[in-house]
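Remarks on the structure that follows.
The values are calculated or read from the model by the stated rules, or taken from the named source; none is laboratory data. The shown structure was predicted, so the numbers you read here are calculated from the model rather than taken from an experiment. In this analysis, Cβ positions are derived from the backbone assuming ideal geometry, glycine residues included, and neighbour counts consider all displayed protein chains.
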Amino acid sequence: MRFTRNKAHTLHEDIFTRGIISRQAMSCLCEPFNLSPTEVDAMIDLLLKLELCFQVQEHESNLSFHFPCLLQEKRQPELETKWPSKVPPDINQLTLQVIFPYRCPDGLYEKFSVRQHKHLGHLKTKRMDWRNGMYAELERCKMLLTKGRDQQNLSPGQDPDWIISIAVRGTDLFDQWQVLKRAHRDLMDIIHEDWRGLRYDKYLVCPHCMSEDNEDSEHQPLLLEETPNVPLTTIQDPEEVHVPIKRKRYTQKSPTLFPGEFLDQPNVSGFGPKEKQVTCVKTGVSIPANLVYPPSWHEVLRKQKTELCENITGPCLLDMLNKFFQEGIITDREMATVKKEPSANKVICPEKTGLSLDILTRKSGRAFDILCQCFQNQGQTHLLELIK
C-alpha cells in the first residue's frame, strides 16, 4: 500500500504524536507480516481486549483506534476553560492520589485510561487525551486523570515517587463519589490482575485545601510522610473517632491527606441526616465529613432504589430472596412479607423489590456482599456497577 508524501506525513503525526491509528494505517503496518484482512481484524480485537487501545470514530468513513501509550502531545491550552487550575466557586473536587515508590509500572496508567472509556457513554467525543493525562465529561461531573513524578524534597541520588491522580469535579457529591469509587475500583482491579504484589499508597486529598491552595495545587505531586494510623477496620462514625491523617512536613502548598483506604470500607460514611464534621489539619477548619468519607452501601441502595426497582425482574428477585434466606440474612417472616406484597407487573415487581431493599438496608454489611454476588451470578453487571 502506497501513500502520497503528504498523506504519509499525516499518518506519521497521527500515530507518533496523537496516538491515533486508522484502520487503513493498521492494515499498512501489518503488510510486512502478510496478514489477511481477517487476521488483521483478529489482531485489532486482541488489542482492544488487552485494553491497549480503544475505538474512536473521527469520521464516519474512517474507523480509528486510540493508543495512549503512543501519545506525545502536551496538555491542550483549551483545557484551561474546561478544567480551570483553581477550583471554581460552588464546585467540589474529590481527589485520590495513588503513589508508587520509585516507578509506576509501564502500561499501568495507559490501561487505566483505556478502561475509563467504556464509562463515558454518549460523551465519549468530549474526551481529551495528552501525554500522561486525560480529561472526560460524564453526566453530572467531570474527571481528570494524570500521571507524574514527585520532584519535591528529593535527596541526592534518590529516585522520585510516581503518582496517578484521579480528580472529580461537580456539584452533587453523591455522583462524584460514585465516579471516584468506580475509577478507584478499576485501578485496583488492574493492579490485582497484572501487577499483583505491587507496592503503593493511596490518599484522599482534602477538598478544602484544594479550593484554598494556589492555582496549580491540584497538579502538584506530593512527597508524603505517614503518621501512625489507628486500625481502619475500627472506624464506624467520623464523629466518634480521631481521623487518622497521612501527611508530609508542611510546605505552603501541601494539603491535608486522608487515608485512601476509606474507599475500601463500605460501612464508613460521612453522609446522613445529621451533618458530621472532620478537621482539616492544615487550616484547622472543620469541613463536612461527606467531603472525605464516601457514602455507605446503605445510602447507595437508598439513592439508587428507583432504578433498581425498575430493573430487577421478578424471577431474579425470587432468586435473591432465596439466597438471603439461606444465608440467614432475612427471616422467614420477612420473606413472607415480601411475597405477600401485591404487584401489578409480572415481569418486574417494583413494590416487592422496594420492600426487599428497605429490609436489606437494616441488615449488616454481609447483606450487601450477597446482593453483589447475586447480581454477579445473574449477569446483571450493570446493576452491580450501579451500587458499588
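For region 111-201, the strands (runs of 3 or more DSSP E) that sit wholly inside it and include 1 or more residues that are under 22 Å from LEU48 (Cβ atoms) are 128-130, 133-137, 141-149.
VAL205 satisfies every condition listed in (1) more than 19 Å from GLU385 (Cα to Cα); (2) modelled with pLDDT of 95 or more except (2).
When ARG366 is tested against (1) in a helix (DSSP H, G or I); (2) charged (D, E, K, R); (3) farther than 27 Å from ASP186 by Cβ, just one condition goes unmet, and that condition is (3). Checking the stated criteria, LEU187 turns out not to satisfy the condition of being modelled with pLDDT under 95 and crowded, with 17+ Cβ neighbours inside 10 Å. If you go through region 243-251 one residue at a time, do you hit one that is at pLDDT 95 or above and over 22 Å from MET143 (Cα atoms)? Checked region 243-251: no residue is at pLDDT 95 or above and over 22 Å from MET143 (Cα atoms).
What are the residues in region 153-176 that are aliphatic (A, V, I, L, M) and within 18 Å of TYR203 (Cβ to Cβ), if any?
Matches in region 153-176: ILE163, ILE164, ILE166, ALA167, VAL168.
Annotation: THR125 fulfils all but one of (1) of a type outside the set (Phe, Trp, Tyr); (2) over 25 Å from TYR200 (Cα atoms); (3) buried (at least 17 other Cβ atoms within 10 Å of the Cβ); the unmet one is (3). Pairing each residue of region 333-351 that is modelled with pLDDT under 85 with any residue that is among the basic types (Lys, Arg), provided the two are 6+ apart or on different chains, yields C-beta distances under 7 Å for GLU341/LYS352; SER343/LYS352.
Please verify whether CYS349 is buried (at least 20 other Cβ atoms within 10 Å of the Cβ) and outside the structural domain of THR95 (by TED's automatic domain parsing), treating the condition exactly as stated. Criteria met by CYS349.
Just give me the residues in region 155-181 being in contact (Cβ under 8 Å) with a residue 12 or more places away in the chain and surrounded by fewer than 14 Cβ atoms within 10 Å (Cβ to Cβ), in sequence order. Of everything in region 155-181, those that are in contact (Cβ under 8 Å) with a residue 12 or more places away in the chain and surrounded by fewer than 14 Cβ atoms within 10 Å (Cβ to Cβ) turn out to be ASP159, THR171, ASP172.
Of the residues in region 71-92, none is over 27 Å from GLN55 (Cβ atoms), of a type in the set (S, T, N, Q), surrounded by 15 or more Cβ atoms within 10 Å (Cβ to Cβ) and touching a Ser or Thr at 6+ places or on another chain (Cβ under 6 Å). State whether the residues of region 358-375 include one that is over 25 Å from PHE174 (Cβ atoms) and not hydroxyl-bearing (Ser, Thr, Tyr). Scanning region 358-375, I find no residue that is over 25 Å from PHE174 (Cβ atoms) and not hydroxyl-bearing (Ser, Thr, Tyr), so the answer is no.
HIS9 falls short on exactly one of the conditions (1) within 18 Å of ARG115 (Cα to Cα); (2) out of contact with any Ser or Thr (no Cβ under 9 Å at 6 or more places or on another chain), and that condition is (1).
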